[in-house]
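Please read the structure below before turning to the comments.
The values are calculated or read from the model by the stated rules, or taken from the named source; none is laboratory data. Small disclaimer: the values here were computed from a predicted structure and weren't measured. Every residue, glycine among them, receives a Cβ derived from its backbone with ideal geometry; neighbour counts consider all protein chains shown. Areas reflect the complete protein model, heavy atoms only, side chains present, ligands, DNA and RNA absent. Shrake-Rupley method; radii C 1.70, N 1.55, O 1.52, S 1.80 Å.
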Amino acid sequence: MISDDENICPLCNREMAEPCNKHHLLPLSKGGKNTPTILLHKICHDKIHAVFKEVELKRYYNSIERLKENAEIEKFISWVSNKEPQFYDKSIKTRTRKRRFK
C-alpha cells in the first residue's frame, strides 16, 4: 500500500503505482540494516541494482541526487518518464546486466 507522502517516485518523478518496493540508500549487505529506505517503482529499483554494484551504492550513490547524476540513470529516467506509472519491464534487469558485462 502506498501512503500519501509516497505518491511520487523520487527517482523518475512519476506517480507511484504497483509494482513498487523499498530501496535502502545504504545497501543491507554493506551495513544498511535499520537505515532509511525510499519507495520506488520496481522498475526504477531494478535499474539501480542493474547499474551499480553494492559497494558503489555504499560509497557514492547513496542518495537520489547522486543516483540521478549517472548518465545511464539519466537515460533510463528519460525513457521511463513516458510510461504509465504501473509499467514494468521484466527484462530490464537481465538485459542491462548482459550488456554491462560484455
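To keep it simple, each residue is scored yes or no on (1) under 20 Å from Glu69 (Cβ atoms); (2) at pLDDT 95 or above; (3) of a type outside the set (S, T, N, Q).
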position: Met1; (1), (2), (3): no, no, yes
position: Asn7; (1), (2), (3): no, no, no
position: Pro10; (1), (2), (3): yes, yes, yes
position: Glu15; (1), (2), (3): no, yes, yes
position: Leu28; (1), (2), (3): no, no, yes
position: Pro36; (1), (2), (3): yes, no, yes
position: His41; (1), (2), (3): yes, yes, yes
position: Val51; (1), (2), (3): yes, yes, yes
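The set of residues in segment 32-45 that are over 15 Å from Arg14 (Cβ atoms) and either touching a Lys or Arg at 6+ places or on another chain (Cβ under 7 Å) or open to solvent by 20 Å² or more (accessible area, probe 1.4 Å) (or both) comprises Lys33, Asn34, Thr35, Pro36, Thr37. For Asn62, the criteria (1) under 19 Å from Glu15 (Cα atoms); (2) out of contact with any Cys (no Cβ under 9 Å at 6 or more places or on another chain); (3) open to solvent by less than 70 Å² (accessible area, probe 1.4 Å) hold in every case but one, which is (1). Of all residues in segment 65-102, those satisfying the criterion of being modelled with pLDDT under 90 and open to solvent by 80 Å² or more (accessible area, probe 1.4 Å) are Lys90, Arg95, Arg97, Lys98, Arg99, Arg100, Phe101, Lys102. For the structure I just gave you, tell me whether Arg14 is among the basic types (Lys, Arg) and open to solvent by 60 Å² or more (accessible area, probe 1.4 Å). No: the conditions fail for Arg14.
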